[in-house]
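Input: a single structure, listed below in structure tokens.
The values are calculated or read from the model by the stated rules, or taken from the named source; none is laboratory data. Note that the structure is predicted; figures quoted are calculated from it, not measured. In this analysis, Cβ positions are derived from the backbone assuming ideal geometry, glycine residues included, and neighbour counts consider all displayed protein chains.
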There are 4 protein chains.
Amino acid sequence: MQMISAEMQSCVENCLNCYETCIKTSMHHCLEAGGKHVAPQHFRLMSTCAEICRAAAAVMLIGTSHHRNLCRVCAEVCEDCGQDCERIGDMQECVEACRRCAETCRSMSA
Amino acid sequence: MQMISAEMQSCVENCLNCYETCIKTSMHHCLEAGGKHVAPQHFRLMSTCAEICRAAAAVMLIGTSHHRNLCRVCAEVCEDCGQDCERIGDMQECVEACRRCAETCRSMSA
Amino acid sequence: MQMISAEMQSCVENCLNCYETCIKTSMHHCLEAGGKHVAPQHFRLMSTCAEICRAAAAVMLIGTSHHRNLCRVCAEVCEDCGQDCERIGDMQECVEACRRCAETCRSMSA
Amino acid sequence: MQMISAEMQSCVENCLNCYETCIKTSMHHCLEAGGKHVAPQHFRLMSTCAEICRAAAAVMLIGTSHHRNLCRVCAEVCEDCGQDCERIGDMQECVEACRRCAETCRSMSA
């Protein structure tokens, strides 16, 4: 049964993958590494990114045109989060998940 | 302990109240009334509104400046949802929750 | 980076897949089909299943032993939802997603 | 419009209040205080508590009998989280929110 477009389904997968990666990385890698990994601004950004990715996936699955504006916000947060993870280092999986998600969310927001 | 501003806390309450009202109204009133209350476009809009309100509350509680853009999207969805509930009728509680949420989210997005 | 066990990661994927399938199916197939597909008890069960699957995935990703009890509840809800979808018919994708999720959640709750 | 019982509505409020308090406290107080406040086990417990409280509220609002088992799990997590916050100290608001939520969730699970 085809319920949402293949392009949107792929964006949902990237959002849920970014959500998973941000939660796992913050709750395992960051809390265990400590130091700059638990700096309030960095940790809150990762948590915000997880929350918005999960919501963007939900709204695409529900299927209203409001996903466009939400995907634009999601792309911005993912870009910021990916940059911050790269700056801090040792979080390549998260950097890549954020970039992939930002890219497809950007294209869904057009 | 003061962790977020009183203005933001009040917006969080309005978002969670709108979330609660949209879920309860759709899952009880709308499913039981049937007809235009379960028209796909209307029901999806209420579900989208609930989801975005919950995410906006979460991001304000987490505390990053990204709440601004998310609150702007939330205000738009709440306005649409409130108008649609008014058009369909017999959902005054939801109309009011959406308007209150739209108004404070609009002011948080500035 | 290995943060959660392969078995748990596989359960997370099944939970998120069941979440996706329940939301998409209820918001597209059920709302468009109408009739018994929007019967309050059926629709609420699908919505409950989606919500619990998403929470079970989150708690496994966060990584506390409380996932065990939550996975037990998730398995029960998925079994009920899968049976109800089978009884109503024409929702084979959802039946299968619920069963796969119930099975792995059951094994994670031991 | 009466959609869920007054007792259940009160439990929903306690769950959402506990959710809010756990997120705010972990993301502001704990990240800023550091040390034992960001010990992985403590921080993950607070995050788990927030997630389960939010899901329990959602399932009560949706309105299926599955809320009973979920409220039982929620009560257990809230008790653990309240005790851990008390042990660490300086989180009285969170201790009280967890206890209130545990108590009403316990009574909803009977």
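Condition check for B:Cys81 on (1) at the interface with another protein chain (Cβ under 9 Å from one of its Cβ atoms); (2) among the hydrophobic types (A, V, I, L, M, F, W, C); (3) more than 23 Å from A:Met46 (Cβ to Cβ): one failure, at (1).
The set of residues in the stretch C:1-11 that are surrounded by fewer than 23 Cβ atoms within 10 Å (Cβ to Cβ) and not in a loop (DSSP other than H, G, I, E, B) comprises C:Ala6, C:Glu7, C:Met8, C:Gln9, C:Ser10.
Restricting B:Cys78, B:Cys74 to those that are under 25 Å from A:Ile23 (Cβ atoms), buried (at least 20 other Cβ atoms within 10 Å of the Cβ) and modelled with pLDDT of 95 or more reduces the list to B:Cys74. Picking from residues in the stretch C:89-110 that are within 14 Å of chain A (Cβ to nearest Cβ) and part of a helix (DSSP H, G or I), the one that is nearest to C:Cys53 (Cα to Cα) is C:Ala97.
Say whether the condition of being among the polar types (S, T, N, Q) and in contact with a Cys (Cβ under 8 Å, 6 or more places away or on another chain) is met by at least one residue in the stretch C:45-68. Among the residues of the stretch C:45-68, at least one is among the polar types (S, T, N, Q) and in contact with a Cys (Cβ under 8 Å, 6 or more places away or on another chain), which makes the answer yes. The single residue among C:Arg99, C:Arg54, C:Arg44 that is closer than 19 Å to D:Asn69 by Cα and surrounded by fewer than 24 Cβ atoms within 10 Å (Cβ to Cβ) turns out to be C:Arg44.
Mind checking which residues of the stretch D:48-58 are among the hydrophobic types (A, V, I, L, M, F, W, C) and either closer than 17 Å to B:Tyr19 by Cα or more than 10 Å from chain C (Cβ to nearest Cβ) (or both)? If the condition is that a residue be among the hydrophobic types (A, V, I, L, M, F, W, C) and either closer than 17 Å to B:Tyr19 by Cα or more than 10 Å from chain C (Cβ to nearest Cβ) (or both), then D:Ala50, D:Ile52, D:Cys53, D:Ala55, D:Ala56, D:Ala57, D:Ala58 are the ones that fit.
Conditions (1) small (Gly, Ala, Ser); (2) under 17 Å from the mean Cα position of the chain (by Cα), marked per residue:
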{"position": "C:Ala6", "(1), (2)": "yes, no"}
{"position": "C:Leu16", "(1), (2)": "no, yes"}
{"position": "C:Pro40", "(1), (2)": "no, no"}
{"position": "C:Met60", "(1), (2)": "no, yes"}
{"position": "C:Asn69", "(1), (2)": "no, yes"}
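Against the test of being without any contact (Cβ under 8 Å) to a residue 40 or more places away in the chain and either more than 8 Å from chain A (Cβ to nearest Cβ) or under 19 Å from C:Lys24 (Cα atoms) (or both), the options B:Leu61, B:Leu70, B:Leu45 yield a single qualifying residue, B:Leu45. In the stretch C:12-40, the qualifying residues are those that are away from chain A (no Cβ under 11 Å) and free of Cβ contacts under 8 Å to residues at least 24 places away in the same chain, and the one that is surrounded by the fewest Cβ atoms within 10 Å (Cβ to Cβ) is C:Gly35. How many residues does the stretch B:84-110 contain that are in contact (Cβ under 8 Å) with a residue 24 or more places away in the chain and under 17 Å from B:Phe43 (Cα atoms)? Selection size over the stretch B:84-110: 9.
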